[in-house]
Every structure is written in C-alpha cells, then in structure tokens.
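To keep things clear, I will list the structure first and then write my remarks on it.
The values are calculated or read from the model by the stated rules, or taken from the named source; none is laboratory data. If you're wondering where the values come from, they're calculated on a predicted model, not measured in any experiment. FYI the Cβ positions are ideal-geometry reconstructions off the backbone, even for glycines, and counts take in every protein chain you see.
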Amino acid sequence: MKILLMGNPNVGKSVIFNRLTGIRVVVSNYPGTTIEFLEGSMMVDGRRVQIIDVPGAYSLVPSDKAEEVAVNILMKDKPHLIVDVVDATNLERNLYLSLQLRELPIPLILDLNMIDLARERGISIDKDALARALGVPVVSSVAISGEGVHELRAVIARIIKERVGSGNTV
Ligand SMILES: Nc1nc2c(ncn2[C@@H]2O[C@H](COP(=O)(O)OP(=O)(O)OP(=O)(O)O)[C@@H](O)[C@H]2O)c(=O)[nH]1
Ligand SMILES: [Mg+2]
C-alpha cells in the first residue's frame, strides 16, 4: 500500500508527512522546499503503509523540475491513495489541482490544511458541501499543531480497509 501526499507548493505537505510518519523533514515558509521525493511509512490497522512526500505542484502538467518530480512519482508509482493537501485560505487556486486529481482512477482524500489561518481570516468552509460537490472525503487540519491529523488517519484507515476488503490491494 502506497499513499502519495500531493498539493500546491507551501501548503504543509511535509509537516503532514512528518505527523504521519514521525520522520522529521525540512519544512519552511516558502514554496519549493521539497525538491526530491521522500518516503516513510505509518502503521494502519497492523499494516505498514508507505507514504511519499513530493514537491508541490499546481497542476498535473509540470512546468518546472519540481513539479516534474511530483507528477512522475504519481504516474510511475501508481499510489493506492492520494492525500491532496490544500491551503484552506486559498481554496480556489488549490482546487485546480484537486479537480485534476479527482479525474484519476485513484481514491482521493482532500485535506483542508492551515484551517487555523482560515479561521483567523474569517473564512469558513462547509466541509460536507465540498465533499458532496467533489465526491471525495474532506478533512481539515492544522499540521503544525496536529489538529485534525487523527481524523485524517482515520479516513486513510477506512479507505485502506475498503480496498483490502474489496480484494483490490497491492
Ligand atoms: N499556520 C499554519 N502553518 C502551517 C500549517 N501547516 C504547515 N504550516 C507552515 O507552512 C509552511 C510550509 O510547510 P511545508 O510542510 O514546508 O509545505 P510543503 O507543502 O511541504 O511545501 P513544498 O515542499 O515547498 O511544496 C511552513 O512554514 C509550515 O510551518 C498549518 O496548518 N497552519
Ligand atoms: Mg514539502
């Protein structure tokens, strides 16, 4: 089982990776921090699941080296699940990639990260309406505090269980 973390640059993918795997990776407040992919793993219901953190991408049509790394991993590694980390303060721009990911035959989870900053700015997002509109599970998180990461794990576990149950795994 392989999970790919994708999303626009500087949205908190590497902090989420850190939370899920316990591996400390370089994070910083500018886009382009992750330039190569990183692999780690987490346990889900007694099963070791691989997680890959890739550079940020605005679309599946790469326009620079970093985006190319991300898109190549997606195409070649064929993950079983994609966690699309989005910046909740910049939903409209971020959803451009989400809509492309949704077209792929791979289960998708949308994680509205930086929901703390969204709250501060008075932005409220109707998660259920978004989940219905996109047809994918939506969770929210504050990667730097860990808020919402438990729920993200739970949704990951549920999807993995469904895939294993359907004999659709590995
Ligand atoms: N306030 C707030 N800051 C966050 C949150 N998640 C991440 N950050 C900060 O956002 C910045 C970017 O985090 P990264 O994990 O490096 O983002 P990334 O998506 O991996 O970035 P690239 O590798 O450049 O694509 C860092 O300064 C983090 O501390 C969050 O939920 N809330
Ligand atoms: Mg990163």
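Quick notes
- The residue list LEU74, LEU108, LEU60, LEU81 contains one member that is more than 13 Å from the chain's Cα centre (by Cα) and not polar (S, T, N, Q), which is LEU60.
- Selection of first residues in the range 42-61 that are at pLDDT 95 or above and acidic (Asp, Glu) and of second residues that are part of a loop (DSSP other than H, G, I, E, B) and within 14 Å of ligand 1 (Cβ to nearest atom), restricted to Cβ pairs under 9 Å at least 6 apart or on distinct chains, gives the following pairs, ordered by first then second residue: ASP53/ILE23; ASP53/VAL25; ASP53/THR34; ASP53/PHE37.
- Among the residues of the range 1-24, those that are without any contact (Cβ under 8 Å) to a residue 40 or more places away in the chain and touching a strand residue (DSSP E or B) at 6+ places or on another chain (Cβ under 6 Å) comprise SER14, PHE17, THR21, ILE23.
- Count of residues meeting criterion [among the hydrophobic types (A, V, I, L, M, F, W, C) and assigned to a strand (DSSP E or B)] in the range 139-170: 2
- Selection status of ILE73, touching a strand residue (DSSP E or B) at 6+ places or on another chain (Cβ under 7 Å), more than 10 Å from ligand 1 (Cβ to nearest atom) and outside any helix (DSSP H, G or I): no
- Residue check, GLY122 modelled with pLDDT under 95, among the small types (Gly, Ala, Ser) and either crowded, with 20+ Cβ neighbours inside 10 Å or part of a loop (DSSP other than H, G, I, E, B) (or both): no
- Exactly one residue out of VAL26, VAL15, VAL11 is outside any helix (DSSP H, G or I), within 14 Å of ligand 2 (Cβ to nearest atom) and under 13 Å from the mean Cα position of the chain (by Cα): that is VAL11.
- Criterion violated by VAL27 - all others in (1) more than 12 Å from ligand 1 (Cβ to nearest atom); (2) closer than 20 Å to GLY146 by Cβ; (3) free of Cβ contacts under 8 Å to residues at least 40 places away in the same chain; (4) among the hydrophobic types (A, V, I, L, M, F, W, C) satisfied: (1)
- Filter result (under 17 Å from PRO107 (Cβ atoms) and either surrounded by fewer than 20 Cβ atoms within 10 Å (Cβ to Cβ) or not β-branched (Val, Ile, Thr) (or both)) within the range 53-90: LEU60, LEU74, MET75, ASP77, LYS78, PRO79, HIS80, LEU81, ASP84
- Unique match (being surrounded by 14 or more Cβ atoms within 10 Å (Cβ to Cβ), among the aliphatic types (A, V, I, L, M), under 22 Å from LEU104 (Cα atoms) and touching a helix residue (DSSP H, G or I) at 6+ places or on another chain (Cβ under 7 Å)) among VAL142, VAL155, VAL136, VAL164: VAL136
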